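The values are calculated or read from the model by the stated rules, or taken from the named source; none is laboratory data. Since we're looking at a predicted model, the values are computed, not measured. Side chains included, ligands, DNA and RNA excluded: accessible areas come from the protein's heavy atoms. Shrake-Rupley method; radii C 1.70, N 1.55, O 1.52, S 1.80 Å.
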Amino acid sequence: MITYEDILRAVIKILNTTYPTIPIYGDEVTEGYKLPCFFTTLLPIESETQTKNYIITNLLIVISYFSDCKDSLKCLEVMSTLKRQFGISLDVDDSHFTIQDSMIEKVENDVYQFSFHITYHELINFEPENELITTIEHHIERSNK
């Protein structure tokens, strides 16, 4: 089972690879951060139980870029680079999540955001109702006609 932490680590890995010199913070940091920087947020939007063993989860991932300059074109270039780096799927361990509804927006004077949704299906509490087959015996008989 993939956790929210696994997904957030995958996002941070892409940010670190793309911009290794720019610090990345979580929402818990409210002061003392160094510009330019990224803030990452993962918001569980919806979890819908389909059956007793199956759930669909929708997450919003937001990457905020706090710039150290007033050049909006440079900031938009950073956002466009992030959009290209994330591409159409987010790889988390052996799983691949399709990136949906990606968006770039200016939030404040020097703050831009790149956000996207991922939706995934997973088995939960899977316990087979019947005993699983562990061995199979197979006999072949030939007739001499």
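Measuring only protein heavy atoms, the 1.4 Å probe finds residue 123 accessible over about 110 Å². A 1.4 Å probe over all protein chains sorts 139, 117, 96 by accessible area into 139, 96, 117, starting with the largest. Legend: residues 112, 54, sorted from most to least accessible area (1.4 Å probe; ligands, DNA and RNA excluded), read 54, 112. For the chain, lysine pairs with C-alpha atoms less than 25 angstrom apart, excluding pairs fewer than eight positions apart on the same chain, total 13. Considering the chain as a Gaussian network with a 10 Å cut-off on Cα pairs, which listed residue, 119, 18, 134, attains the greatest mean-square fluctuation? In this elastic network of the chain, the residue with the biggest mean-square fluctuation among 119, 18, 134 is 134.
Hey, how many Å between the Cα centroid of region 1-24 and the Cα centroid of region 33-53? Taking the Cα centre of region 33-53 as reference, the centre of region 1-24 is 12 Å away.
In the context of the full protein assembly, residue 106 retains an accessible surface of approximately 120 Å², using a probe radius of 1.4 Å and ignoring ligands and nucleic acids.
Going by accessible area, probe 1.4 Å, with all protein chains left in place, what is the ranking of 89, 143, largest first?
Values: 89 45, 143 85 Å².
If we order 89, 143 from most to least accessible, we get 143, 89.
For the chain, the longest principal axis of the Cα atoms and the long axis of helix 4-18 meet at an angle of about 50 degrees. Rg and Dmax over the alpha-carbon atoms of the chain stand at 22.8, 92 Å. Using heavy atoms of the protein chains and a probe of 1.4 Å, the accessible area assigned to residue 111 is about 10 Å². Per residue, the average separation of C-alpha pairs within less than 8 Å and at least 6 apart gives the chain a relative contact order of 22 percent.
Surface composition of the chain: carbon and sulfur make up 50 percent of the accessible area, probe 1.4 Å. Secondary-structure-derived ellipticity at 222 nm for the chain, considering helices only, amounts to -7000 deg cm²/dmol, per-run term -39500 (n - 2.57) for DSSP H runs with n ≥ 4. Think of a 1.4 Å ball rolled over the protein heavy atoms: region 45-138 then has 68 Å² of accessible area per residue.
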